[in-house]
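All remarks here apply to the structure that follows.
Since every read-out is calculated from the coordinates, none of them should be taken as a lab result. Keep in mind that this is a model prediction, so the values were computed, not measured. All Cβ positions, glycine included, derive from the backbone under ideal geometry; neighbour counts span all protein chains shown.
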């Protein structure tokens with residue numbers, strides 16, 4: 001039986017950049033026991049001789065002509081920004097102080 | 001409606017206003033819309049009327065109003081995907097679907113409610129509250145495109161756009177007694193469609209009749225260089241097929257695995273009845289087997305969350321959308337964590353975590369890798385079945401609409417509702433749901449699903465139109481005439 005502990009869920013939430021309350025971590029860990037059991041069924045038929053499909057169309061390297069076409073103006077591109085400064089996205093501090 | 005517009009019997013402004021009035025009088029019960037663009041719709045309608053007055057040649061649906069699912073970007077109109085993380089965002093561009101609607105003069109009434117980021121089968125996962133099924137307001141209108149299907153069934157709009165990743169067009173159509181089509185993957189551009197699961201997502205047309213659906217299909221479909229997965233081929237002749245509705249000599253394959261145990265008796269009865277009508281219309285009914293379909297649901301709930309965990313990483317509070325906790329000295333990572341905690345709902349978080357797990361090293365082969373193999377097996381099942389039949393059919397859903405709240409705390413039971421619709425997305429083929437009648441035990445609509453091979457979308461329209469005509473002559477009036485009049489119940 002597959003399961004995920006509260007700590008494992010906390011680790012995944014960290015990887016996914018989602019803050020979670022203790023209550024959420026515990027309830028998700030309980031739900032995952034059921035969900036993982038259900039989805040693990042794929043292993044019953046996924047033998048080594050079956051090729052994986054990642055996409056319904058067998059396309060590769062779709063290119064467009066290298067022609068300049070109109071794009072968004074800086075104002076339009078910044079129109080949804082939570083914060084901006086001097087025609088740039090203003091973001092919180094990315095690197096540590098040390 | 002299009003005919004009355006063309007003949008001058010009515011104008012697009014009058015038609016649009018009539019639908020805005022209808023929205024006004026029933027929307028408090030149905031809650032199909034997240035945004036109603038009365039001003040924009042009337043302006044668009046007036047411009048179509050002006051063109052018609054000048055004698056310009058217009059497309060068949062010019063001037064007809066439409067409800068747009070809130071997952072498609074429309075320039076300068078709110079586009080939330082049913083999520084708090086996009087509240088207030090105004091896209092600076094049009095999705096290709098919207099550009100095609102505008103090109104065809106189709107009037108956009110507003111944006112419809114949906115499960116957050118299209119994750120769900122009931123529209124209960126919308127951050128803005130559930131939509132109610134016009135047949136019974138205590139029940140779900142399906143999902144994720146429940147706003148679009150409810151708008152059609154409540155006569156708030158005659159046309160709607162949905163998107164279908166695992167059944168989000170077809171299941172809502174089934175439970176509301178309307179028509180919905182998921183075109184072949186790549187048949188309609190995904191440019192400007194907020195991505196949930198890129199290899200499964202497909203926008204498509206919804207309406208109350210098969211022919212209206214076909215006309216809308218033709219209007220939005222076609223090759224788009226802006227979508228690298230768009231198919232560069234002529235649009236299937238769906239309108240002609242819907243007009244002819246001819247099934248003589250066609251082989252219709254009943255998928256053995258998508259029926260029987262777990263399917264409500266009323267659903268099975270309406271399905272069998274529909275098969276008889278199709279046989280009477282000249283089709284040959286055969287049984288086909290697709291043994292790997294039983295693994296489709298499990299594979300879907302690995303593939304879709306995996307792709308979603310990656311796609312939804314873009315909601316990082318940096319360039320657009322919500323930003324929470326941006327106080328002096330807070331790191332970008334802390335702001336991301338807090339924003340995503342507040343901005344995403346429970347189901348979205350559940351799926352992101354599941355996808356993150358399925359893709360993490362050590363588990364990748366067992367989960368995501370195995371699911372991709374199942375995808376191959378399902379596609380092979382379809383290929384084999386299509387050598388024995390021109391189209392495949394099944395009930396769209398195992399049950400009729402369930403009660404709001406009934407499955408909200410049982411994700412697995414909720415997921416089971418998509419058992420018959422998911423295989424189509426896995427293989428990238430076309431699928432339609434149309435009304436087959438009401439289940440005897442609860443008086444609620446039942447959907448009939450038709451599946452056609454890649455870029456043979458016209459076949460499902462032939463079968464759909466034939467069945468629709470046979471049912472209409474049996475019933476004497478459209479099914480939706482039997483739905484409750486929402487206004488009278490005030």
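Observations, loosely collected:
- Listed peptides B:111-119, B:281-289, B:158-166, B:87-95 appear in the order B:111-119, B:158-166, B:87-95, B:281-289 once ranked by packing, highest mean of other Cβ atoms within 10 Å at the front.
- Cut-off 18 Å (backbone N to label point 7 Å along Cα→Cβ of residue A:69), residues of segment B:71-95: B:73-75, B:92-95
- In this calculation the C-beta distance from residue A:11 to residue B:330 is compared with R0 = 25 Å, giving a FRET efficiency of 0.65.
- Virtual paramagnetic centre 7 Å along Cα→Cβ of residue A:40, amide N under 17 Å, in segment B:363-383: B:363-371
- Peptide A:28-35 has a mean of 4 when you count, residue by residue, the C-beta atoms of other protein chains within 10 Å of its C-beta.
- Whole-Å distance, taken between Cα centres, linking segment B:340-387 and segment B:266-295: 29
- Gyration tensor (alpha-carbon) shape descriptor, segment A:1-45, a/c threshold 1.5: prolate
- Over the C-alpha trace of segment B:86-192, radius of gyration and Dmax come out as 13.5, 38 angstrom.
- Annotation: average projected area of the protein assembly as shown is 28.1 square nanometres, based on the convex hull of Cα atoms across all directions.
- Least to most buried among A:71, B:310, B:189 (fewest other Cβ within 10 Å first): A:71, B:310, B:189
- Shielding score for B:358-370, defined as the mean number of other chain Cβ atoms within 10 Å: 3
- Viscosity 0.890 mPa s, temperature 25 °C, Stokes-Einstein D of segment B:44-136 from Kirkwood C-alpha radius, µm²/s: 169
- Ranking of A:11, B:39 by count of other Cβ atoms within 10 Å, fewest first: B:39, A:11
- Cα centroid separation, segment B:100-172 to segment B:1-32 (Å): 18
- Segment B:233-342: C-alpha gyration tensor shape, a/c 1.5 cut-off, then a/b vs b/c: prolate
- Only helical runs count toward this figure. For chain B, summing -39,500 (n - 2.57) over DSSP H runs of n ≥ 4 and dividing by all residues gives -12000 deg cm²/dmol at 222 nm.
- Helix A:6-15 vs. chain A, principal-axis angle (Cα, 0 to 90°, nearest 10): 20
- Shielding by partners - mean other protein chain Cβ count within 10 Å, residues of B:324-331: 3
- Cα gyration tensor shape for chain A, rounded if a/c is under 1.5, else prolate or oblate: oblate
- Derived from the Cα gyration tensor, the three semi-axes of the equivalent ellipsoid of chain B are 31, 29, 21 Å, largest first.
- Between 0 and 90°, nearest 10: helix A:22-39 axis offset from chain A longest Cα axis: 70
- Ranked by how many other beta carbons lie within 10 Å on average, peptides B:325-335, B:425-435, B:244-254 from highest: B:425-435, B:244-254, B:325-335
- Relative to the current alpha-carbon distance between residue A:61 and residue A:79, full extension at 0.36 nm per residue lengthens the span by 3.3 nm.
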